[in-house]
Each structure stands twice: as structure tokens, then as C-alpha cells.
Amino acid sequence: MSVENLITEHLDIWTSAIKTKSAAGRGSSKKLNLVGVKKLRELILELAVRGKLVPQDPNDEPASELLKKIEAEKIQLIKAGKIKKQKPLPPIAENEKPFELPSGWAFERLGNFSTVFSGCSFKSGDFNSVSGVRVIKITNAGVGKLIDTDEFLPESFLEKHQSFQVFKNDMVLALTRPYISEGLKVSLCPDNYHKSLLNQRVAAIRAFQYPEYLFLNLRSPYILNLYKNRFGGNGLQPNLKMSDVTELVIALPPLAEQQCIVAKVDELMALCDQLEAQTEASIDAHRILVEVLLATLTDAKDAIELNDNWQTISQHFDVLFTTQASIDQLKQTILQLAVMGKLVKQDSKDELACKLLERIATEKQQLIKAGKIKKQKPLPPITDEEKPFELPEGWEWCHGETIADFVDPQPSHRTPPKVEGGVPYIGYTDIDHVRGINFEGARKVGENVFEEHLKRYTLKTGDFVFGKIGTLGQPYFLEKPFNYCLSANLILIQPILNAVVPKFLALYLNSPALYKVLGDKKTNSTHGVFGIKKARLLLIPFPPMQEQKRIVSKVDNLMTLCDSLKERLNQTQTTQLQLTDAIVEQAL
């Protein structure tokens with residue numbers, strides 16, 4: 001089967017094999033890894049270097065003759081003083097030959113048909129960012145493409161350091177950390193870096209014949225895995241020696257076949273580019289469609305319009321919610337509908353929220369008189385301009401402090417000294433919303449710190465925290481036992497249990513309705529800091545108590561359904577990835 005047929009016959013598998021990089025936040029193709037197309041690219045390169053991409057021509061001059069010509073050329077260049085005579089490289093052992101070669105091909109060490117040299121350790125004071133001769137540093141070494149930077153050395157260095165000059169089509173390879181997740185950091189020297197100078201910890205490779213084929217080889221999974229296997233699992237930092245480059249075993253085809261292979265790879269990579277662009281465009285179009293349709297639910301003017309819009313969505317449910325991002329969008333819409341009072345029906349028999357708020361105010365006054373709580377400063381009135389959306393009948397807008405206590409666990413923001421075997425000091429990074437609090441890995445502080453915290457708050461059932469520095473929101477209900485302290489990057493929220501269902505308040509604090517408030521009111525645009533004073537003044541859409549319970553129950557049921565959708569999607573994606581691997585294995 002030709003590679004073109006391999007692509008077209010399995011097109012749906014190549015384009016549907018996708019991994020999600022991150023499920024957080026709004027979905028986009030940038031958070032997706034198009035694994036199928038990536039594996040297809042790798043397969044093309046692997047087939048190329050194994051001699052399985054284009055047919056062999058028995059009339060081509062064999063690689064053995066090409067190597068003889070290269071050796072004769074090297075002798076002439078040594079005599080002319082243009083290159084130095086190198087030490088003989090070790091012969092290739094049988095166990096170094098990774099696969100069987102086609103007729104006319106030959107294995108050879110890279111250093112025997114290329115000149116390889118490393119860079120000079122130029123002084124930092126010699127560099128400037130304005131003008132001169134360009135320099136290639138480790139920061140320029142990209143995967144497949146040289147990264148442009150404004151790094152220059154004096155023009156006089158060209159004459160002084162001729163042996164470190166890099167020319168167009170030389171290959172540039174990072175010697176320090178030579179690979180990243182995207183691949184080996186190797187690239188061809190482009191036009192604008194012709195006659196540049198090579199800095200330390202970078203190698204240049206100059207092939208005597210047709211550098212494009214050698215570059216193709218260096219980008220193949222064979223070379224990448226060879227280096228990865230060498231450094232993986234042994235604790236060594238991936239730093240290459242020059243011998244790691246010169247002694248690489250390369251499968252060389254006849255020169256005419258090299259040219260055919262490079263042309264075919266370019267053609268197939270262009271096809272992969274098209275597949276990738278079409279897949280990303282399809283993903284973006286799908287995301288926008290889901291966003292627009294879900295927005296019709298939250299923008300609905302009344303229950304009739306909401307029901308009509310939902311009927312439209314439900315008819316196409318199986319094609320709309322087919323990605324992690326779309327299911328996350330559905331979850332966010334459910335939360336938004338819940339806090340807007342559009343998820344469950346209102347019941348005229350429920351006690352109105354305003355009556356509940358009046359009882360809370362009366363109870364607080366009695367507790368102040370009894371000396372059990374301190375008198376609070378009057379909260380500012382809520383203006384119509386502040387209200388982000390209209391509430392159903394029976395609901396009220398209120399400040400957060402009206403229905404809950406917002407506590408700053410450590411107002412000094414000074415991290416207590418670390419001690420051995422002390423009390424766990426829990427920050428947001430110690431909380432996993434699936435596995436719970438990591439008490440063992442958390443910082444430990446002294447008993448005196450714990451006692452100081454006990455004077456500030458007593459934890460009880462229904463209390464939860466959310467991060468106020470960095471990752472804002474994402475409420476987490478605290479677990480027992482309560483023998484730990486809370487750090488300064490958390491806000492402790494203690495709902496008034498006879499006034500609000502704690503899960504409803506947490507649900508609001510995790511809804512899109514709050515995202516804009518958090519964005520507007522955080523005090524640091526880089527990391528995000530949401531202070532305790534602003535948290536207490538949060539506007540909360542407050543329903544009757546019985547409706548709060550119905551909303552929480554409905555949200556729990558719908559979130560369970562969404563999680564089931566995700567699990568099925570994960571199983572489908574796993575199957576698609578396995579199919580991709582099976583096709584690759586069969587092709588090789």
C-alpha cells in the first residue's frame with residue numbers, strides 16, 4: 001500500500017486521534033494535541049529513512065560508490081588545508097544496525113560523510129543586540145526551524161574565527177538538552193544566518209552531499225528515540241558529546257533516491273499541513289457553534305424561549321458534545337443557568353428570599369446584643385447598575401457577607417517557619433479536587449501556629465475554601481479531621497447554615513457568572529489576587545432555601561451525566577489512538 005493510500009484510507013483515524021492538553025477553561029484547538037497527524041508525520045519520516053517511501057531504481061549508482069567519492073573529496077580538502085584530518089571512527093557493529101537495508105543502500109557513521117564542529121565560547125561582553133555578524137546560540141536551536149534572535153558579534157570576528165562560521169544549509173543541533181516534547185532541536189541554517197558564527201553548546205553539521213536528506217534523517221523518530229533511550233531513566237542530564245553526533249549510524253541511499261525521498265517527504269508533509277489546518281478549522285468551528293447555541297440558553301428571555309432553544313440543542317446533542325471542551329462548556333452553561341434561576345422551576349409556596357434575609361438580619365442583631373459576634377459595618381446598597389442579570393421572582397441580590405463569613409486565615413501573609421513533624425499548613429497547591437488534600441506533602445508548621453489559627457476560626461461541616469492568589473475560585477469543601485492550618489492564599493467561607501445551602505454558594509463561586517467579577521476585581525493582572533474585602537462585597541444571587549436545594553440536586557445530576565459523557569469520550573479517544581498505533585506498526 002502506498003503512503004498516499006495509507007493516508008486517504010484512514011483519513012478519519014488520522015484526523016480524529018486527538019488528545020486534550022488541558023480541560024480547564026474555555027476550549028480551543030490550542031489546547032488539543034492532534035496526535036493522529038503528528039504520528040502520520042513521524043511515520044512518513046520513519047518510512048523515508050528505512051527505504052520504504054519510494055521504490056528503488058536498480059539503475060541508480062549505489063551508496064557505496066557515493067561514499068567512495070565523498071572520501072576522495074575529503075582527501076583533496078585535507079590536502080588543500082580546508083578541513084582537518086579526523087581520527088578514524090569505529091567500525092559499525094552488527095547490533096548498531098537498526099533495520100534491514102534495501103538494495104543499493106549502506107550504513108555509515110555521520111562523521112564519515114559530514115564535517116561536524118562545535119561552537120566557540122565567546123565572551124558575554126562581545127555580544128550586542130544592534131549590528132554585526134549574527135551568532136547562533138543554544139537559544140536559536142529550534143525543532144525543525146532556527147529561531148531568530150537579535151544577537152550579534154563584531155564583524156571583525158568573521159576573519160578571526162573562520163573555523164566557527166556556519167553557512168546556509170548547515171545543520172544546527174543543540175548539544176545541551178537536545179530534545180523537547182516537540183522533537184530533536186535540529187534545524188537547517190537559513191539565508192539570513194549565512195556566514196554566522198557558532199557559539200558554545202551548539203554543533204554544526206555540514207554534509208558533503210545533499211544536506212536535505214541528512215536533515216530529514218535527524219528529524220526522524222529513529223534518531224530522537226536513540227537519544228531519548230540513552231538518557232531516559234538513568235538520571236543523566238541530556239547533554240551530547242561530539243562523539244554522540246559523529247558516531248550516529250545513518251542509512252544512506254543512492255544520491256538519486258535521496259532526492260526522490262526528500263521530494264516525496266515535502267509533498268506528504270504539505271498534505272499533513274492541510275490535514276492539520278482543516279482539523280483545527282473544524283475544531284474551532286465546532287467550538288464556536290457550541291458556544292453560540294449554549295449562549296441561546298443563558299440569553300433566553302423567558303421559560304418558553306429557553307425550552308425552545310434547548311429543544312434545538314437536544315436534537316443535535318450527539319454531534320455537539322463530542323469533545324472535552326464542548327462538555328466543559330455544557331457544564332459551565334449548567335452552572336450559569338442554575339445561578340440565574342433558569343435551571344429549575346420556581347415554587348410560589350417557597351418562603352421568599354427577602355423574608356429569609358430579614359430573619360438573618362434579626363438573628364445577627366440578637367447575636368451582637370448577646371456579645372457573640374462583633375457589630376459589622378453597614379454594607380453599601382446594591383444599585384441596579386451593579387446587577388449583572390435579572391433574577392426570577394422570589395430571589396434577591398445580596399452581598400456575600402450577608403449569608404456567609406469570609407475569613408482570611410492568615411492576614412499577615414507571612415509564611416510560618418517550617419518544622420519537622422508539625423501541623424499541616426494547607427495551601428491551594430496541596431488541594432487536589434479529585435484526590436483531596438495532600439496532608440503528607442504539605443508544609444508543616446508548629447503547634448503554636450495552629451493555636452493562633454484556632455483563635456481566628458473554628459472549622460465546621462459545610463465550610464469551604466477557594467484560592468485568592470493565582471488560581472481564583474474553584475471552591476473546595478474541607479475534609480475532616482480539622483487538625484491543620486490554612487495558608488494565606490486561601491479564603492475560608494463559612495456559610496450561615498440556616499440561611500444558605502453551602503453547595504449552592506460554592507456552585508455560584510464556580511460559575512461563569514463570577515468569572516467577570518473575579519477578572520474585574522482581582523488586584524494583580526499577572527497572578528490574580530482577590531482580597532478578602534472584595535470577597536465580602538461579592539454580589540450573590542440568592543434564591544429561596546427550598547429552591548437552593550432543588551438547584552443543587554439538579555446540578556449534581558447533570559454534572560454526573562456530563563462526567564459520564566466525558567468517560568465515554570475518553571474511551572473513544574483511547575480506541576482512536578490505539579488504531580493509529582496499529583496502523584503505524586503495520587506500515588513499518
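Test ILE223 against the stated conditions and say whether it is assigned by TED's automatic domain parsing to the domain that holds PHE127, under 25 Å from SER118 (Cβ atoms) and under 26 Å from the mean Cα position of the chain (by Cα). Taking the combined requirement at face value, the residue satisfies it.
In the stretch 61-106, the residue that is farthest from THR246 (Cα to Cα) out of those that are in contact with a Phe, Trp or Tyr (Cβ under 9 Å, 6 or more places away or on another chain), acidic (Asp, Glu) and in contact (Cβ under 8 Å) with a residue 60 or more places away in the chain is GLU73. Is it the case that the stretch 291-313 has a residue that's within 25 Å of TYR508 (Cα to Cα), part of a helix (DSSP H, G or I) and among the charged types (D, E, K, R)? The answer is yes, given that some residue of the stretch 291-313 is within 25 Å of TYR508 (Cα to Cα), part of a helix (DSSP H, G or I) and among the charged types (D, E, K, R).
When the helices (runs of 4 or more DSSP H) confined to the stretch 512-588 are screened for residues that are outside the structural domain of LEU490 (by TED's automatic domain parsing) and modelled with pLDDT of 90 or more, those reaching at least 2 such residues are found at 545-587.
Kindly check whether there is at least one residue in the stretch 488-499 that is touching a strand residue (DSSP E or B) at 6+ places or on another chain (Cβ under 6 Å), free of Cβ contacts under 8 Å to residues at least 60 places away in the same chain and either closer than 23 Å to GLN336 by Cα or exposed (fewer than 15 other Cβ atoms within 10 Å of the Cβ) (or both). Within the stretch 488-499, none of the residues are touching a strand residue (DSSP E or B) at 6+ places or on another chain (Cβ under 6 Å), free of Cβ contacts under 8 Å to residues at least 60 places away in the same chain and either closer than 23 Å to GLN336 by Cα or exposed (fewer than 15 other Cβ atoms within 10 Å of the Cβ) (or both). Taking the listed residues ILE261, ILE288, ILE283, the one that is part of a helix (DSSP H, G or I) and free of Cβ contacts under 8 Å to residues at least 24 places away in the same chain is ILE288, with no other qualifying.
As a summary of the residue check, SER131 satisfies the conditions (1) within 14 Å of ASN199 (Cα to Cα); (2) at pLDDT below 95 except for the one numbered (1).
Checking the stretch 325-342 against the condition returns no match, with no residue being among the hydroxyl-bearing types (Ser, Thr, Tyr), at pLDDT 90 or above and over 30 Å from ASN33 (Cβ atoms).
Against the test of being out of contact with any helix residue (DSSP H, G or I) (no Cβ under 6 Å at 6 or more places or on another chain), part of a loop (DSSP other than H, G, I, E, B) and farther than 15 Å from PHE208 by Cα, the options LEU89, LEU101 yield a single qualifying residue, LEU101.
What strands (runs of 3 or more DSSP E), lying completely within the stretch 163-214, carry at least 1 residues that are closer than 24 Å to ASP126 by Cα, of a type in the set (A, V, I, L, M) and in the same structural domain as ASP150 (by TED's automatic domain parsing)? Because the criterion is at least 1 residues that are closer than 24 Å to ASP126 by Cα, of a type in the set (A, V, I, L, M) and in the same structural domain as ASP150 (by TED's automatic domain parsing), the strands (runs of 3 or more DSSP E) in the stretch 163-214 that meet it are 171-174, 196-198, 202-207.
Yes/no matrix, rows are residues, columns are (1) part of a helix (DSSP H, G or I); (2) surrounded by 18 or more Cβ atoms within 10 Å (Cβ to Cβ):
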site: GLN76; (1), (2): yes, no
site: PHE107; (1), (2): no, no
site: PHE122; (1), (2): no, yes
site: SER131; (1), (2): no, no
site: ARG134; (1), (2): no, yes
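Within the set ALA295, ALA277, ALA303, the sole residue that is within 25 Å of the chain's Cα centre (by Cα) and surrounded by fewer than 17 Cβ atoms within 10 Å (Cβ to Cβ) turns out to be ALA277.
Selection of the stretch 78-95 for residues being at pLDDT 90 or above and surrounded by 14 or more Cβ atoms within 10 Å (Cβ to Cβ) yields LEU89, ILE92. When ILE373 is tested against the conditions (1) in contact (Cβ under 8 Å) with a residue 24 or more places away in the chain; (2) in a loop (DSSP other than H, G, I, E, B), the lone failure is (1). Put simply, of ASP347, ASP328 the only residue that is among the charged types (D, E, K, R), part of a helix (DSSP H, G or I) and in contact (Cβ under 8 Å) with a residue 40 or more places away in the chain is ASP328. The residues listed here are LYS369, LYS377, LYS349; of these, the one that is modelled with pLDDT under 85 and surrounded by fewer than 11 Cβ atoms within 10 Å (Cβ to Cβ) is LYS377. Applying the criterion of being in contact with a Cys (Cβ under 9 Å, 6 or more places away or on another chain) and farther than 14 Å from PHE167 by Cβ to the residues of the stretch 186-222, the residue that is surrounded by the fewest Cβ atoms within 10 Å (Cβ to Cβ) is GLN200.
Inside the stretch 407-447, residues that are assigned to a strand (DSSP E or B), more than 19 Å from ILE532 (Cα to Cα) and in contact with a helix residue (DSSP H, G or I) (Cβ under 7 Å, 6 or more places away or on another chain) make up a count of 2.
The values are calculated or read from the model by the stated rules, or taken from the named source; none is laboratory data. Everything quoted here is computed from the prediction, not taken from an experiment. Counting neighbours? That spans all protein chains shown, and the Cβs are built from the backbone with ideal geometry, glycine included.
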